[in-house]
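Peer 1: After the structure tokens below, expect a handful of questions from me.
The values are calculated or read from the model by the stated rules, or taken from the named source; none is laboratory data. What you see is a predicted model, and the numbers here were worked out from it, not measured in a lab. We place every Cβ from the backbone using ideal geometry, glycine too, and count neighbours over all the protein chains shown. What goes into the accessible areas is simple: the full protein's heavy atoms, side chains included, and nothing from ligands, DNA or RNA. Shrake-Rupley method; radii C 1.70, N 1.55, O 1.52, S 1.80 Å.
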There are 2 protein chains.
Amino acid sequence: MKPLKELTKAELLVMKEELTQEYKDAQAKGLQLNMARGKPGVSQLELAMPMLDVINSSSDMHTMLGNDTRNYGDLDGIGECRRLMADMMSVQKDNVIVCGNSSLNIMYDTVSRSMVKGVNGSTPWCKLDKVKFLCPVPGYDRHFAITEYFGIEMIPVPLYEDGPDMDMVEQYVNNDDAVKGIWCVPKYSNPTGISYSDEVVKRFANLKPAAEDFRIYWDNAYCIHHLYEDKQDEILNILEECEKAGNPNMVYIFASTSKISFPGSGVSAIASSLENVKFIMSQMTIQTIGHDKINQLRHAHFFKNVDGLKEHMKKHAQLMRPKFEAVLDVLNEELAGLEIGTWIEPRGGYFISFDAMEGCAKEIVAKCKDAGVIMTGAGATYPYGKDPKDSNIRIAPSFPTPEEMHEAAKLFALCVKLVSVEKLLETM
Amino acid sequence: MKPLKELTKAELLVMKEELTQEYKDAQAKGLQLNMARGKPGVSQLELAMPMLDVINSSSDMHTMLGNDTRNYGDLDGIGECRRLMADMMSVQKDNVIVCGNSSLNIMYDTVSRSMVKGVNGSTPWCKLDKVKFLCPVPGYDRHFAITEYFGIEMIPVPLYEDGPDMDMVEQYVNNDDAVKGIWCVPKYSNPTGISYSDEVVKRFANLKPAAEDFRIYWDNAYCIHHLYEDKQDEILNILEECEKAGNPNMVYIFASTSKISFPGSGVSAIASSLENVKFIMSQMTIQTIGHDKINQLRHAHFFKNVDGLKEHMKKHAQLMRPKFEAVLDVLNEELAGLEIGTWIEPRGGYFISFDAMEGCAKEIVAKCKDAGVIMTGAGATYPYGKDPKDSNIRIAPSFPTPEEMHEAAKLFALCVKLVSVEKLLETM
């Protein structure tokens, strides 16, 4: 296909008319599809249903160490679940605290604690005039919501195919002591699906932060969330790399089983250096009487070990792949060669990120909505919801069926074309 | 029995020798008992085991409104569980947010949010020079730990048999705008077991706080935790009373099923005015992807309604009563009339509070420990762990068996007598 910008005004006008008619026909279909959030599909949830039978009224409710999971205790998580999460996160068990059902909540608590108590003894951030976080963009809206909530200034950093712009990261982190953190989704990034290269991870580990309380917020949300068995990304172990580089305390790693067992009823964990773990525990002992250890036991017994987790995720991949492929096939069929958008074909994670022509994202999302397909709000992948180019759109293919995804992607591609043609005509 | 202070020095010396020998004999028994924490006993935990079968792989996982509890959503809790907790807390469903497994965590979050974001728009407490909380004493050590952690100054207020010293509460709250809160366990208080009188609740509701962001932290932890069917305390509804008094936003009520279903695997809730609920939700939507709704469904299906909860608690009472009575019988047999200690016979809750002669509590707890009986640390029931009279000791009878409690109480009474005799001799 020919790039649209090479078309004449007359050709574009004809095209606009055809697309407008197609759009009206699409509207008439009365679609009702939601591609807004990274919600697992019902068939994925079904995979974990047998987990609900693993712990029942005749179960031995004790941990391997003999502690009763039904009573208070084991504030840092039961041993077998710490082992499971440690193996999933590729760290040692002693570096892991197993928490409640939401890794986002751990991230929130981590920032919140830093606000009022500082980091391992540093000045509480609420006592400082200015606190800044680096935000690779496009990124995860809920990360940005946390830092915005706490009044932390967010600085966008471009995210490339191998990770964030590390020159810029080094420039900020190594020179500005108001920069206290950076949000990272290092593997199958939300939303672009890229994974950090070894060089990027090493450059992270070798940062020389101006602020002693600078930390990398390493949200490894999709650590075993591959789409393919033969094409998988692997990233370097950031905790080990930080140790090697003499920065053992510089990273917090977060993960959960929200998209492995059940969103909202999984287990989450934070991994960090022993010194960081000790500081976190000194707060957690004030905060809670402990997390849900029966659910931890349920997870440990159901998955047994990290191989069990990985086997389970192969079943997820079988369900997710057709949905991703439905979108990618449509994008390739409908948009390849038109030069009105780019996208990456991810090997895992939950999203396909689409970059439209500048100034088109909001209008595309609006048009999709008016024809019954809800997308993530344009701009949501940027701090303060502001995409300076109004270009990035996050597609979340997990919840609908593959057939529905095909329908939704067709509509999306139609809207991209229509809005792009209109945009091109505007500038003529 | 004769008051010990009426004995002569010679009589006391004889008594000391006898008690010392008794204590040595007791030490030789090698007891190993723990009365430190309000931990439910194993037999109580067994009562809730059938709950683990209620939700299984063949269950309908949807709420009454049709939401899938296995996926994201229902941030404020599923409807049926909000109803259950609302009825337990004697408030309307719309006033309740069902949270995770720990009401302590909600209290921590409530204080933490006030530190960094203020209360419904007030100045964040971390920006103020001084923040104070009133702390009825003796009280719950974990409450005091939260306020101490956040650097909030704690002001002890005497707790009488009908509630806190309300003259003092009014004096502080109505005049000092640095006073932002008061910790209350209004029913079967931790540790004294008393319940607030109607007059006290009404005086609370009619406070005229100098600070707009003053709140009552109403930890109704033992709202349905009666020991008897025929002798039960009831307290006035603080939320209603606050509304009537024109102070609708002045109270946060906390509760959980930690001591109904499973400690650590129950559900917790906060109840407050609609305005407060809205403000809390505006933070919670940043903090978490939601709480464990499968566990909420499990609770709703198992207990069905508040009558189910109350029936369940009758079974708890049957198990708890003999333990409380074992302690009270021993205290009455061994110490009545000696005038070396006072205690209240609670009608519910988890504790028996004992006031020894001034300057004796630490030594009594130490002596118990040296003979194998672990008590809550003396002073723990006071802010900063400092009981100015070194007098109060919290007895937690729930975890051991009634027979063990009898043994432990005998040793405790022996230690009280021995330390008291030594104290009296010191002053002669």
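Peer 1: In this structure, does A:ASN34 turn out to be touching a Pro at 6+ places or on another chain (Cβ under 9 Å) and free of Cβ contacts under 8 Å to residues at least 40 places away in the same chain?
Peer 2: No.
Peer 1: Now a separate question. Take the conditions more than 10 Å from chain A (Cβ to nearest Cβ), among the polar types (S, T, N, Q) and touching a helix residue (DSSP H, G or I) at 6+ places or on another chain (Cβ under 9 Å) and apply them to B:THR257. Does it pass?
Peer 2: Judged against the criteria, B:THR257 is a match.
Peer 1: Please go through the stretch A:203-220 and pick out each residue that is open to solvent by 30 Å² or more (accessible area, probe 1.4 Å) and closer than 21 Å to A:GLY139 by Cβ. Talk me through it step by step, then tell me what you get.
Peer 2: Of the stretch A:203-220, the ones open to solvent by 30 Å² or more (accessible area, probe 1.4 Å) are A:203, A:206, A:208-210, A:212.
Hits for the stretch A:203-220 are A:ARG203, A:PRO209.
Peer 1: Could you tell me which numbered condition B:ASN95 fails, if it satisfies all but one of (1) closer than 19 Å to A:PHE262 by Cβ; (2) more than 9 Å from every other protein chain (Cβ to nearest Cβ)?
Peer 2: (1)
Peer 1: Out of all the residues in the stretch A:4-22, which are touching a residue at least 24 places away in the same chain (Cβ under 8 Å) and either within 10 Å of A:VAL421 (Cβ to Cβ) or not in a helix (DSSP H, G or I) (or both)?
Peer 2: Initial filter on the stretch A:4-22 (touching a residue at least 24 places away in the same chain (Cβ under 8 Å)): A:4-5, A:7, A:9, A:12-13, A:15-16, A:19-20, A:22.
Across the stretch A:4-22, the qualifying residues are A:LEU4, A:LEU7, A:LEU12, A:LEU13, A:MET15, A:LYS16, A:LEU19, A:THR20.
Peer 1: Now a separate question. Looking at the stretch A:176-190, can you tell me whether even one residue there is closer than 17 Å to A:LEU134 by Cβ, open to solvent by 50 Å² or more (accessible area, probe 1.4 Å) and not in a helix (DSSP H, G or I)?
Peer 2: Narrowing the stretch A:176-190 to residues closer than 17 Å to A:LEU134 by Cβ: A:176-186, A:189-190.
Checking which are open to solvent by 50 Å² or more (accessible area, probe 1.4 Å) leaves us with A:177.
So of that shortlist, the ones also not in a helix (DSSP H, G or I) come out as A:177.
Within the stretch A:176-190, one or more residues are closer than 17 Å to A:LEU134 by Cβ, open to solvent by 50 Å² or more (accessible area, probe 1.4 Å) and not in a helix (DSSP H, G or I).
Peer 1: Report every pair of residues separated by at least 6 positions or lying on different chains whose Cβ atoms are under 7 Å apart, first residue within the stretch B:78-101 and without any contact (Cβ under 8 Å) to a residue 60 or more places away in the chain, second of a type in the set (Val, Ile, Thr).
Peer 2: B:GLY79/B:THR63
Peer 1: Has the stretch A:293-311 got at least one residue that is within 30 Å of A:PRO191 (Cβ to Cβ) and in contact with a Lys or Arg (Cβ under 8 Å, 6 or more places away or on another chain)?
Peer 2: Among the residues of the stretch A:293-311, not one is within 30 Å of A:PRO191 (Cβ to Cβ) and in contact with a Lys or Arg (Cβ under 8 Å, 6 or more places away or on another chain), which makes the answer no.
Peer 1: Now for a different question. Would you pick out the residues in the stretch A:106-128 that are away from chain B (no Cβ under 12 Å) and not hydroxyl-bearing (Ser, Thr, Tyr)?
Peer 2: A:VAL119, A:ASN120, A:GLY121
Peer 1: Tell me, please, whether a residue that is modelled with pLDDT of 95 or more, farther than 22 Å from B:GLU161 by Cβ and not aliphatic (A, V, I, L, M) can be found in the stretch B:178-188. I'd like the intermediate steps shown before the answer.
Peer 2: Taking the stretch B:178-188 as the starting set, the residues that turn out to be modelled with pLDDT of 95 or more are B:178-188.
Now narrow it down to the ones that are farther than 22 Å from B:GLU161 by Cβ: B:178-181.
Going one step further and asking which of them are not aliphatic (A, V, I, L, M), we end up with B:180-181.
Yes, some residue in the stretch B:178-188 is modelled with pLDDT of 95 or more, farther than 22 Å from B:GLU161 by Cβ and not aliphatic (A, V, I, L, M).
Peer 1: Let me ask you something else. Can you find even one residue in the stretch B:319-326 that is part of a loop (DSSP other than H, G, I, E, B), buried (at least 17 other Cβ atoms within 10 Å of the Cβ), of a type outside the set (A, V, I, L, M, F, W, C) and touching a residue at least 12 places away in the same chain (Cβ under 8 Å)? Steps first, please.
Peer 2: Going residue by residue through the stretch B:319-326, those that are part of a loop (DSSP other than H, G, I, E, B) are none.
Among the residues of the stretch B:319-326, not one is part of a loop (DSSP other than H, G, I, E, B), buried (at least 17 other Cβ atoms within 10 Å of the Cβ), of a type outside the set (A, V, I, L, M, F, W, C) and touching a residue at least 12 places away in the same chain (Cβ under 8 Å), which makes the answer no.
Peer 1: Sticking with this structure for a sec: Counting just the residues of the stretch A:154-169 that are part of a helix (DSSP H, G or I) and open to solvent by less than 50 Å² (accessible area, probe 1.4 Å), which one comes out nearest to the other protein chains (Cβ to nearest Cβ)?
Peer 2: Per the stated criteria, the residue is A:VAL169.
Peer 1: How about the stretch A:33-144: which helices (runs of 4 or more DSSP H) wholly inside it have at least 1 residues that are under 26 Å from A:VAL179 (Cβ atoms) and open to solvent by 30 Å² or more (accessible area, probe 1.4 Å)?
Peer 2: Of the helices (runs of 4 or more DSSP H) lying wholly inside the stretch A:33-144, those with at least 1 residues that are under 26 Å from A:VAL179 (Cβ atoms) and open to solvent by 30 Å² or more (accessible area, probe 1.4 Å) span A:103-117.
Peer 1: What are the residue pairs meeting all of these: first residue in the stretch B:369-391, first residue under 23 Å from B:VAL185 (Cβ atoms), second residue open to solvent by 40 Å² or more (accessible area, probe 1.4 Å) and part of a loop (DSSP other than H, G, I, E, B), Cβ atoms under 6 Å, and 6 or more apart or on different chains?
Peer 2: Here the result reads B:GLY379/B:LYS386; B:LYS389/B:GLU358; B:SER391/B:GLU358, each pair linking the stretch B:369-391 to a residue that is open to solvent by 40 Å² or more (accessible area, probe 1.4 Å) and part of a loop (DSSP other than H, G, I, E, B).
Peer 1: Regarding the stretch B:408-419, can at least one residue be identified that is of a type in the set (Val, Ile, Thr), open to solvent by less than 30 Å² (accessible area, probe 1.4 Å) and touching a Ser or Thr at 6+ places or on another chain (Cβ under 8 Å)?
Peer 2: Of the residues in the stretch B:408-419, the ones of a type in the set (Val, Ile, Thr) are B:416, B:419.
Now restrict to residues that are open to solvent by less than 30 Å² (accessible area, probe 1.4 Å): B:416, B:419.
Pick out the ones that are also touching a Ser or Thr at 6+ places or on another chain (Cβ under 8 Å) and you get none.
There is no residue in the stretch B:408-419 that is of a type in the set (Val, Ile, Thr), open to solvent by less than 30 Å² (accessible area, probe 1.4 Å) and touching a Ser or Thr at 6+ places or on another chain (Cβ under 8 Å).
Peer 1: Please determine, by comparing only the residues of the stretch B:327-350 that are charged (D, E, K, R) and exposed (fewer than 15 other Cβ atoms within 10 Å of the Cβ), which one is farthest from B:GLU22 (Cα to Cα).
Peer 2: Among those residues, the one meeting the criterion is B:GLU345.
Peer 1: If you scan the stretch B:23-32, which residues turn out to be loosely packed, with under 14 Cβ neighbours inside 10 Å and assigned to a helix (DSSP H, G or I)?
Peer 2: Hits for the stretch B:23-32 are B:LYS24, B:ASP25, B:ALA28.
Peer 1: Report, by residue number, each residue of the stretch A:136-153 that is within 14 Å of chain B (Cβ to nearest Cβ) and either acidic (Asp, Glu) or under 12 Å from A:LYS386 (Cβ atoms) (or both).
Peer 2: Answer for the stretch A:136-153, where residues must be within 14 Å of chain B (Cβ to nearest Cβ) and either acidic (Asp, Glu) or under 12 Å from A:LYS386 (Cβ atoms) (or both): A:ASP141, A:PHE144, A:GLU148.
Peer 1: Would you mind telling me which numbered condition in (1) surrounded by fewer than 19 Cβ atoms within 10 Å (Cβ to Cβ); (2) touching a residue at least 24 places away in the same chain (Cβ under 8 Å) B:CYS223 fails?
Peer 2: Every condition holds for B:CYS223 apart from (1).
Peer 1: Another question about this same structure. Given the options A:ASP370, A:ASP355, A:ASP387, name the one that is of a type outside the set (Val, Ile, Thr), touching a Ser or Thr at 6+ places or on another chain (Cβ under 6 Å), open to solvent by 10 Å² or more (accessible area, probe 1.4 Å) and on the phi < 0 side of the Ramachandran plot.
Peer 2: Criteria check complete, one pass: A:ASP355.
Peer 1: Of the residues A:MET1, A:MET64, which single one is more than 14 Å from chain B (Cβ to nearest Cβ), without any contact (Cβ under 8 Å) to a residue 60 or more places away in the chain and either farther than 21 Å from B:GLN296 by Cα or not small (Gly, Ala, Ser) (or both)?
Peer 2: Working: A:MET1 fails: without any contact (Cβ under 8 Å) to a residue 60 or more places away in the chain.
Step by step, each of A:MET1, A:MET64 is checked, and only A:MET64 is more than 14 Å from chain B (Cβ to nearest Cβ), without any contact (Cβ under 8 Å) to a residue 60 or more places away in the chain and either farther than 21 Å from B:GLN296 by Cα or not small (Gly, Ala, Ser) (or both).
Peer 1: Residues that are without any contact (Cβ under 8 Å) to a residue 40 or more places away in the chain and surrounded by fewer than 19 Cβ atoms within 10 Å (Cβ to Cβ): list the helices (runs of 4 or more DSSP H) wholly contained in the stretch B:229-316 that include at least 2 such residues.
Peer 2: It comes to B:238-244, B:274-287.
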